[in-house]
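Comments concern the structure below.
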Amino acid sequence: MIRCIGGIIGPAPSNIEKPMTLAEKPRPADPQGDLQHLTEAILAFRDARDWKQFHSLRHLIVSLNLEAAELLELTQWQSDADMVARVADPAGREALADECADVLLYLLLVAAEAGIDLKAAALAKIRKNDAKYPVEKSRGSSRKYTELE
């Protein structure tokens, strides 16, 4: 039961728990398979249109950054509250989802062109960041790792 100044207001919600750590969260059966499936889908889309000729590594990286800029553009002149409202609005959420998808798809194309295993690269980067930002020094801090004491 939850007690308040006026008395008991009912049972405590059963969903109040400490947050799960990443290691405790359920994992998809094969997260790499999802990335592989998406990569195969975007490569098939590209190849059906004979666009590989335009997809040098440099051009893909430029395109990735242009798409990331379009994602950033959605936040221009917007407050945090405006962004929360955008996500709550179906059209705003769709615009955000479209730009996120564009960034992801170009990232998959960059990785495919460069022969990068994104899952392995991401896990390696998390390990590097873990070493740079130990919890004891970085928790609650926005300082760069070179500025942590």
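The values are calculated or read from the model by the stated rules, or taken from the named source; none is laboratory data. The structure displayed is predicted, hence computed values, not measured ones. Virtual Cβ from ideal backbone geometry, glycine too; neighbours counted across all protein chains shown. All accessible areas refer to the heavy atoms of the entire protein, side chains included, with ligands and DNA or RNA removed. Shrake-Rupley method; radii C 1.70, N 1.55, O 1.52, S 1.80 Å.
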TODO: Keeping to the stretch 44-55, report how many residues are farther than 11 Å from Val110 by Cβ and buried (at least 16 other Cβ atoms within 10 Å of the Cβ).
DONE: 1
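Each row is one residue, and each column tells you yes or no for (1) surrounded by fewer than 11 Cβ atoms within 10 Å (Cβ to Cβ); (2) more than 17 Å from Ala41 (Cβ to Cβ); (3) modelled with pLDDT of 95 or more; (4) not basic (Lys, Arg).
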{"residue": "Leu57", "(1), (2), (3), (4)": "no, yes, yes, yes"}
{"residue": "Asp82", "(1), (2), (3), (4)": "no, yes, yes, yes"}
{"residue": "Pro90", "(1), (2), (3), (4)": "yes, yes, yes, yes"}
{"residue": "Tyr106", "(1), (2), (3), (4)": "no, no, yes, yes"}
{"residue": "Leu109", "(1), (2), (3), (4)": "no, no, yes, yes"}
- [ ] Restrict the check to the stretch 75-82 and report whether at least one residue is of a type in the set (A, V, I, L, M, F, W, C) and under 14 Å from Cys100 (Cα atoms).
- [x] no
Open item on the list: Condition first: open to solvent by less than 60 Å² (accessible area, probe 1.4 Å) and not charged (D, E, K, R). Now tell me which residues in the stretch 92-104 satisfy that.
Closed with: Gly92, Ala95, Leu96, Ala97, Ala101, Val103
Open item on the list: Condition first: of a type in the set (Ser, Thr, Tyr), surrounded by fewer than 11 Cβ atoms within 10 Å (Cβ to Cβ) and closer than 27 Å to Ile61 by Cβ. Now tell me which residues in the stretch 111-149 satisfy that.
Closed with: Thr146
